[in-house]
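The values are calculated or read from the model by the stated rules, or taken from the named source; none is laboratory data. Everything quoted here is computed from the prediction, not taken from an experiment. When we count neighbours, we look across all protein chains shown, and the Cβ atoms used for this are built from the backbone with ideal geometry, even at glycine. Quick note on the areas: whole protein, heavy atoms, side chains included, nothing else; ligands and nucleic acids left out. Shrake-Rupley method; radii C 1.70, N 1.55, O 1.52, S 1.80 Å.
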Amino acid sequence: MIRKNIVLGHGSGGKLTDELIRSVFVKRFDNEILTVQGDSAILPLRASLLSFTTDSFVVNPLFFPGGNIGTIAIAGTVNDLAVSGAKPLYLSAAFILEEGFPLDDLEQIVISMAKEARLAGVKIVTGDTKVVERGHADGVFINTSGIGLLVEGRKAISTGSGIAVGDKILINGPIANHGMAIMAERNNLNISADIKSDCTSLNALINSVFNVCDESDVKFMRDATRGGLSSVLCELFDKKTFGVEVREDRVPIDDNVMGMCELLGFDPFHVANEGKLVMVVDGKKAENILNAMQKHPLGKQAAIIGDITASHPGKGHIITGVGGKRVIDRLAGEQLPRIC
Amino acid sequence: MKYIDEYRDKDKVSVLVDEIKKRSTKPITLMEVCGGHTMSIQKFGIPFLLPENIKLISGPGCPVCVTDRKYIDQAIAYSRMPNTIIATYGDLIRVPGSSSSLENERAIGRDIRVVYSILDAIKIAEDNLNKRLIFLGIGFETTTPATAIGILTAKKKALTNFFVYSAHKIMPPAMAALIDEEVKIDAYIGPGHVSVITGTNIYNFIPQKYGLGIVIAGFEPTDLLQSILMLVKQCETVKPRVEIQYGRAVTSQGNRIAQNKVKEVFEARDDWWRGLGVLANSGLAIKEKYARYDAEKSFEVEVEPIKKEKGCICGSVLKGIAKPIECKLFAKACTPMDPVGPCMVSSEGACHAYYKYRDLN
């Protein structure tokens, strides 16, 4: 019998589980460490500093313009490692599947994961599958963990302890695409905005930056995901001895995304991204780094969007496009569309 | 982006700001009575651009904010009825009722759905004929025509499971009440979207009876600044009148078709406004002719006794006699994450807008 859907047996640990692992996961994620199929993966690593991260992915809808839950599950964990300054190497992938989930959809997701892992230069070396009864999950949930190598010179990046007044803030491209792509898809808004998610792995772009500058020139990196650009900026200045000033007119945003945000009354600074790198760099090297970013396919629209300032320490503001001022704050709860 | 960039042009903005500074000599207080304006003013940082003698205050222009807590309690009671789906615009779900909110009720399994249009609610009713759907009709003149069309559509489709719980209100009685209560303002920045529907003749009483000016404004920075400039000129020359700045959308007659739909379905009733109390003929009830679509007439529910929030000054904020930052709870016990009063919930609410875009001082 050719099965088209996940059944509880796929999580039983018996024949069906084995078949699923071999015919879907091992087949697509194929690499010498995974194929050993031991109880744990043996990693050939010699390092004194490792980065280690984990993330769970629960996207609705599972498939959206520009990617699917699988793409995000890989890119998200790769990015968490890469923005800490680490070189992402190995990932785990654990699946919680809902009974009845179409095997074809699972295969599509796994193919996307394999593709994204290849692009990012990482290997998926261990994994797990569980099946829950229908109604106890939403199709598929994925958890990925990742390990990366960190060199001594990049240790300060994840905390931003080297940030100084005069440093510049950069972003690699337009904001809010992922959130608005999901929004359009999820709510059947019937808006033909053709917005694609920006979900992608950022480690190659980060490498291209380090090719043109010293390790100490990059003071801070974050990928702006949930909570949008504002959340990253808040993290940047919270409880610090410096302030942040961002110029709204320098922050790239696509017309169709802007239009949809206007329509729904959303603030694009609060909308999620899945492929946006926010970087704080030495002021004197900013132009150089910007040029390097702009030469990379993921940084064509990169821009210097703001400054680290001595004024208003621990706070941030945006100079609005018309010259007004407003404070930068985190999103509270989910953004709700306005009544009128 | 076309239709946005030209209205956010920095050079045009600075010309307008210079002109305002040149023309304005006396201290004036302008009140906006549209939540969209409150939002735009804060979003673009307009107060930062104005001379110190021009003060902007927010009035009762956010439909969620002026709605009685009892309305939320009753909506929650409806959501607890078996086989019931509640459809609502997003703003409403986080508003605290006496002991719960629609968001909490949704989390514990009530079927509460956020819709963007009443026609989505009709679709949900059609797809769930074995359940009843109650649409929470809220908003001023802007959203009322849509609700009217919803009811007319339900009738046309002979839907028997579609109901509306109306909290619709009209703006002019509140604008009059504020002046009657001696709130100190010199002129109104008139609501843009409301006026698209109503036209501007409904405001004639403001200069005629009260001697105050009103300019119907658009929502972009140049719209707002041009409107402020027009009001400055009115105040400086003491010639209060009704003027339209938002000419690309507003006419003196308004949208007749929409007005007729509202007249067909709704009739005026006295209604309770947070901060203002009961105002005569300020609310809209569903006419007897359409009573079968009226949730209030169709279902008896037990509503818990109202618990008042302590220390919240939403009422005074709505009247423009207190700024959000003057509230002891502001940004402490009351934040958008954990709102005490409704003004902190809706993105159009004055407290929410002040919180989100508050200045650095």
>> I'm trying to understand the selection: among the residues of region B:281-321, which are surrounded by fewer than 18 Cβ atoms within 10 Å (Cβ to Cβ), over 18 Å from the mean Cα position of the chain (by Cα) and small (Gly, Ala, Ser)?
In response: B:291, B:298, B:311
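Evaluate the following for residue B:253: is it part of a loop (DSSP other than H, G, I, E, B), touching a residue at least 24 places away in the same chain (Cβ under 8 Å) and open to solvent by 30 Å² or more (accessible area, probe 1.4 Å)?
Values: part of a loop (DSSP other than H, G, I, E, B): yes; touching a residue at least 24 places away in the same chain (Cβ under 8 Å): yes; open to solvent by 30 Å² or more (accessible area, probe 1.4 Å): yes.
Yes.
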> Among A:235, A:215, A:185, A:152, which is free of Cβ contacts under 8 Å to residues at least 40 places away in the same chain and among the acidic types (Asp, Glu)?
Replying inline: A:235
>> Pull out all pairs, ordered by first then second residue, where Cβ-Cβ is under 7 Å, the residues are six or more apart or on different chains, the first lies in region B:1-25 and is facing chain A (nearest Cβ under 10 Å), and the second is loosely packed, with under 14 Cβ neighbours inside 10 Å.
In response: B:1/A:255
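Sort through A:263, A:236, A:229 and tell me the only one that's within 10 Å of chain B (Cβ to nearest Cβ), closer than 26 Å to residue A:197 by Cβ and out of contact with any Leu (no Cβ under 6 Å at 6 or more places or on another chain).
Step by step, each of A:263, A:236, A:229 is checked, and only A:263 is within 10 Å of chain B (Cβ to nearest Cβ), closer than 26 Å to residue A:197 by Cβ and out of contact with any Leu (no Cβ under 6 Å at 6 or more places or on another chain).
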> Which one is most open to solvent (accessible area, probe 1.4 Å) among residues in region A:59-111 that are in a strand (DSSP E or B) and aromatic (Phe, Trp, Tyr)?
Replying inline: A:63
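Inside region B:98-192, counting only strands (runs of 3 or more DSSP E) that do not spill past its ends, which hold 3 or more residues that are touching a Ser or Thr at 6+ places or on another chain (Cβ under 6 Å)?
Here the list reads B:132-137.
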> From the residues in region A:1-23 that are among the β-branched types (Val, Ile, Thr) and more than 15 Å from residue A:92 (Cα to Cα), which one is surrounded by the fewest Cβ atoms within 10 Å (Cβ to Cβ)?
Replying inline: A:2
> Going by the conditions given, is residue B:179 modelled with pLDDT under 95, more than 14 Å from every other protein chain (Cβ to nearest Cβ) and closer than 24 Å to residue B:243 by Cα?
Replying inline: yes
> Only one residue in A:257, A:218, A:244, A:278 is surrounded by 20 or more Cβ atoms within 10 Å (Cβ to Cβ), within 18 Å of the chain's Cα centre (by Cα) and in the same structural domain as residue A:306 (by TED's automatic domain parsing), so which one is that?
Replying inline: A:278
>> For region B:88-117: of the residues being among the polar types (S, T, N, Q) and touching an Asp or Glu at 6+ places or on another chain (Cβ under 7 Å), which is nearest to residue B:63 (Cα to Cα)?
In response: B:98
>> Anything in region B:98-151 that is open to solvent by 30 Å² or more (accessible area, probe 1.4 Å) and touching a residue at least 60 places away in the same chain (Cβ under 8 Å)? List them, or say none.
In response: B:99, B:149
>> Just the residues that are within 14 Å of chain A (Cβ to nearest Cβ), among the small types (Gly, Ala, Ser) and part of a helix (DSSP H, G or I), please, taken from region B:47-97.
In response: B:90
> Looking at B:294, B:338, B:270, which one is closer than 23 Å to residue B:102 by Cα and more than 14 Å from chain A (Cβ to nearest Cβ)?
Replying inline: B:294
> Which residues, taken from region A:167-202, are more than 24 Å from residue A:58 (Cβ to Cβ) and not in a loop (DSSP other than H, G, I, E, B)?
Replying inline: A:168, A:169, A:170, A:171
> Could you list, in sequence order, the residues of region B:322-336 that are over 21 Å from the mean Cα position of the chain (by Cα) and open to solvent by 60 Å² or more (accessible area, probe 1.4 Å)?
Replying inline: B:326, B:328, B:332
> Within region A:173-226, how many residues turn out to be within 14 Å of chain B (Cβ to nearest Cβ) and of a type in the set (Phe, Trp, Tyr)?
Replying inline: 0
>> Pairs please, first residue from region A:123-141 and under 23 Å from residue B:109 (Cβ atoms), second anywhere and of a type in the set (Gly, Ala, Ser), Cβ atoms under 8 Å, 6+ apart in sequence or on different chains.
In response: A:132/A:11; A:134/A:100; A:141/A:56
